[in-house]
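Report on the following structure.
The values are calculated or read from the model by the stated rules, or taken from the named source; none is laboratory data. This structure is a prediction, so every number in the text was calculated from the model and none was measured. Counting neighbours? That spans all protein chains shown, and the Cβs are built from the backbone with ideal geometry, glycine included.
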Amino acid sequence: MLLVCVYFESFYHHSLILFLILPFAGWFIWGLTEYMMHRFVFHLESKNKNILFVRYILHGVHHHEPAKTLFVPLLLRIGMQVVTLVVFKFCFKHYAFLLFFGLEIGVIQYITVHYFIHHQRFSKYFPKLTRYHYIHHFVEPDRVFGTSSLLWDKIFGTLPTKDFSGMEFKKDKHFIS
């Protein structure tokens, strides 16, 4: 999809500054979207059984079996890319591809970091994110909604209530060995 963006972007003649700023803006949009979706959609409180079922399928399964359910199904991912690109094209016209490019970089960052913090061999490269994500899964599920960044948790005051340093990980539940 990134190559598609680069190809279609070649038809426009944006300035160098736009070529640098718009992908960064798309990446920034993704970070806020990741936080908002995780906080307000994936952890939505409801009494409606249909909403709770959809929420469980989208995210609850991952909380139930964190190490086994890390990735968005491919068809859902492609569908979301197409819908997002159409919405961006409608809203942002000829800036859509550069914004979408940055957004996709953010998504790739999210997928990679999320995989790494659940993989015992790689989690050591992200110790703070790993610990905070673990806190989100097993200690305070109503805190720490950012997965690939803690920026929005800092801004919206949803960091953990305490540090929980020295906490032992449930390796069989949290990590892929």
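Miscellaneous remarks
- Residue, farthest from residue 30 (Cα to Cα), within segment 138-163, restricted to residues that are more than 15 Å from the chain's Cα centre (by Cα) and in a helix (DSSP H, G or I): 138
- Of 105, 135, all but one fail to be more than 23 Å from residue 40 (Cβ to Cβ), at pLDDT 85 or above and surrounded by 15 or more Cβ atoms within 10 Å (Cβ to Cβ); the exception is 105.
- Residue within segment 66-89 that is surrounded by fewer than 15 Cβ atoms within 10 Å (Cβ to Cβ), modelled with pLDDT of 85 or more and polar (S, T, N, Q) present: no
- Filtering segment 138-152 to residues that are surrounded by 16 or more Cβ atoms within 10 Å (Cβ to Cβ) and either over 21 Å from residue 44 (Cα atoms) or of a type outside the set (A, V, I, L, M, F, W, C) (or both) leaves 140, 143, 146, 147, 148, 149.
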